[in-house]
1. Report the residue count in region 520-539 for those that are touching a strand residue (DSSP E or B) at 6+ places or on another chain (Cβ under 8 Å) and either open to solvent by less than 10 Å² (accessible area, probe 1.4 Å) or in a strand (DSSP E or B) (or both).
2. Give the residue that is surrounded by the fewest Cβ atoms within 10 Å (Cβ to Cβ), with candidates limited to residues of region 179-194 that are touching a residue at least 12 places away in the same chain (Cβ under 8 Å) and either over 27 Å from HIS346 (Cβ atoms) or among the hydroxyl-bearing types (Ser, Thr, Tyr) (or both).
3. Specify the residue that is farthest from HIS346 (Cα to Cα); the eligible residues are those in region 120-171 that are of a type in the set (Ser, Thr, Tyr) and modelled with pLDDT of 95 or more.
4. Which members of region 89-126 meet the condition of being surrounded by fewer than 20 Cβ atoms within 10 Å (Cβ to Cβ) and acidic (Asp, Glu)?
5. SER341 passes all but one of (1) open to solvent by 50 Å² or more (accessible area, probe 1.4 Å); (2) touching a helix residue (DSSP H, G or I) at 6+ places or on another chain (Cβ under 8 Å); which number fails?
6. (1) open to solvent by less than 70 Å² (accessible area, probe 1.4 Å); (2) part of a helix (DSSP H, G or I); (3) farther than 13 Å from CYS560 by Cα; (4) not aromatic (Phe, Trp, Tyr): which one isn't true of LEU389, the others all being true?
7. From the residues in region 563-615 that are open to solvent by 40 Å² or more (accessible area, probe 1.4 Å) and aliphatic (A, V, I, L, M), which one is modelled with the lowest pLDDT?
8. For region 499-514, which residues satisfy the criterion of being open to solvent by 40 Å² or more (accessible area, probe 1.4 Å) and either within 11 Å of GLY458 (Cβ to Cβ) or among the β-branched types (Val, Ile, Thr) (or both)?
Amino acid sequence: MNKMTSSAVQKADYFLAKGFSAHQTGNFEKAEKIYRRILKTHPNHGDALHFLGLLAHQNGKNEAALKLITKATQAKPEDVSIYTNLAIVYNALMQWQQAEGACRAALEIQADHSEASNNLGRALAGQGKFDGAENAYCHAVRSDRKNAAAYNNLGLLYMQSGETENAEVIFRQAIDANSNFILAYTNLASALSAQQRQVEAIEVCLQALGMQPNNVSALLSLGVARSGISDFDGAEEAFKKLIAIQPDHNQAVSNLGSVYSVRQRFDEAVALFRQALAINPGSPHAHLNLGMVLSETGQLEEAVNSFRRAVMYDPENIDAYYALAMSGREEFDDDTLDRVSKLSHHPSLTADHMSKAQFTLGMQWEKKGYPEKAFTCYQQGNKIRALALEEMGQSFNPGEFLEQITAIKEHFSAEYFADHEGWGAESERPVFIVGMPRSGTTLVEQIIASHPDATGIGERAEIMNIANDLAGINGRFPKGIETLTPTEVTKLADNYLLQIDKLGNGAARVADKMPFNFLYLGLIHLLFPKAKIIFCRRDPLDTGLSCYFQNFVQSHPWTCDLSHIGHHSNGCRELMVYWGEVFPNSILVLDYEKLVADQETWTRSIIDHIGLDWNPACLDFHRAGNAVRTASKWQVRRPVYSQSVARWKPYEKQLQPLADVLDSKGII
């Protein structure tokens with residue numbers, strides 16, 4: 001009897017070796033047949049059960065794998081590798097507690113089993129036990145310094161909690177452990193991109209693609225990094241290559257849609273987002289981004305529905321809640337408010353999402369008529385923003401700002417323009433809308449764009465870029481302006497005209513509404529002495545409050561502090577008074593309150609100022625079909641309304657730091 005048993009075992013082991021060899025070489029069909037042949041005569045053969053379970057897992061049949069590997073643990077209860085692989089299957093099924101139990105059973109057998117600790121980290125992270133997960137991953141790499149997967153998972157944990165610098169260190173250690181571990185390269189690129197180090201991220205992606213030219217993760221990270229430095233041609237190329245390799249890659253299709261959206265190729269963007277949703281109807285990213293494009297092109301109800309779907313498919317999607325709140329068309333119920341409030345304190349949130357959550361709550365409390373609660377949330381959001389910007393080396397110094405205002409006034413004197421008469425381009429095509437943000441610049445752009453002979457091109461950075469290039473890396477405008485020659489000025493003007501030609505669709509007037517161009521009107525007047533300028537002015541308390549309550553996409557660190565907003569507002573007013581003295585015929589001063597009180601009179605003044613014949617379509621600006629990419633996109637799709645006038649009054653007490661600074665210059 002024993003002899004027969006021994007012979008049967010030897011035969012089973014022989015076939016097991018053959019099956020395992022086929023398994024390792026990728027001949028899964030042959031391996032499965034052999035494993036099943038063994039189990040037909042030895043139904044409790046631990047290794048055959050284990051390997052057949054692994055095969056099922058590799059084929060995506062995790063429920064079947066679970067049954068097989070669980071039975072294998074009963075046949076071989078002291079085999080640490082079986083428990084470890086059982087945990088892998090539980091993790092794949094997101095049965096985190098069961099995965100944790102399997103890992104702990106493995107570690108009872110072998111306390112320094114690196115892969116068991118690695119999978120324990122995944123199980124704990126899935127349960128939101130981030131400290132425990134960190135400890136488990138650290139134990140895994142201490143047990144095996146070559147466990148690149150454990151390093152990688154630890155890095156992802158740090159990324160999830162916003163610790164991008166720590167993540168960077170760990171991903172580099174993963175690469176040191178296994179220089180061919182492509183996933184670590186792509187994750188390193190993501191960590192670098194999150195630190196605004198896109199150039200380094202691109203280099204890392206190219207390293208990975210040098211090893212695997214068609215690696216989809218590396219192509220995805222490359223496209224994201226190139227987008228981050230506005231290399232949209234390069235981003236488009238990376239995403240298109242990825243889609244050619246894997247046409248159903250939802251994220252790549254959606255990301256390409258985002259590139260087209262930025263480039264104002266809105267129809268193509270919408271088509272791509274819809275394609276992404278055909279691939280994965282439950283993609284929150286695609287729903288959110290489709291909503292953003294629809295909102296920018298005036299399809300507001302569809303946009304709000306897209307945001308709602310993003311929340312439905314991902315109830316923890318801060319960006320979607322924020323977009324809904326920004327629309328002004330959604331009042332959250334108590335359960336939703338409570339959910340967002342809890343999310344705002346989640347330890348895994350990045351600073352960006354923490355601030356967005358607070359701004360979302362602020363908008364909702366204001367909508368419900370609770371100004372004190374609203375202000376507290378906005379204040380907290382601004383504190384988070386300020387700290388994050390400071391860590392990135394971005395801050396606002398009121399003294400330096402006012403010194404710059406003085407330097408600009410001293411350089412661009414009336415005598416300067418007399419000495420430079422005849423410089424620049426004769427074109428009257430560009431129109432510059434300037435002022436403080438949230439002062440009505442988008443409204444004025446929409447009024448102009450509704451004229452059949454005009455268009456708006458949003459907030460363009462070309463003028464600011466010219467000024468920064470002249471000043472140099474460590475300089476500050478107006479430094480460098482004195483080096484310009486007539487030929488260089490003409491070239492700069494022609495280059496700007498070429499840029500607006502690409503966007504202006506042949507319109508006689510093209511409105512650039514970059515509000516901060518108030519700093520560069522001296523340069524603008526040098527480049528385009530015949531260009532018209534509209535200075536948007538609004539009650540400084542309303543403007544200041546609106547800036548403070550706005551979570552700007554751009555940095556603008558001065559908006560995080562009420563006194564800083566006051567200094568910025570004072571500087572803007574001071575400089576605009578000066579420009580009005582130097583070239584008064586170029587500038588129309590437009591008060592927001594007067595425009596909303598007497599729309600037709602002031603709309604006629606705008607159109608007359610820019611040299612166009614009157615057209616009644618300008619009174620129906622909210623019907624204009626052009627895209628709006630700023631925070632005002634929800635408001636300018638409505639007729640003129642006066643609800644924003646004197647918005648500051650319920651917050652009079654909280655706005656005292658702003659009022660004190662404004663009062664110091666006699667502004668209020």
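1. Looking only at that region, the number is 10.
2. Checking each candidate, the answer is ASN180.
3. Here is the first cut: in region 120-171, the residues of a type in the set (Ser, Thr, Tyr) are 137, 143, 151, 158, 161, 164.
Subsequent filtering for residues that are modelled with pLDDT of 95 or more retains 137, 143, 151.
Values: TYR137: 21, SER143: 31, TYR151: 24 Å.
So the residue we want is SER143.
4. GLU108, ASP112
5. So SER341 meets the others, but not (1).
6. (3)
7. ALA597
8. Taking region 499-514 first, the residues open to solvent by 40 Å² or more (accessible area, probe 1.4 Å) are 499, 501-503, 505-506, 508.
Within region 499-514, just LEU503 meets the criteria.
The values are calculated or read from the model by the stated rules, or taken from the named source; none is laboratory data. Note that the structure is a prediction, hence the values are computed from the model and not measured. Virtual Cβ from ideal backbone geometry, glycine too; neighbours counted across all protein chains shown. Side chains are part of the model used for accessible areas, which takes the heavy atoms of the whole protein and leaves out ligands, DNA and RNA. Shrake-Rupley method; radii C 1.70, N 1.55, O 1.52, S 1.80 Å.
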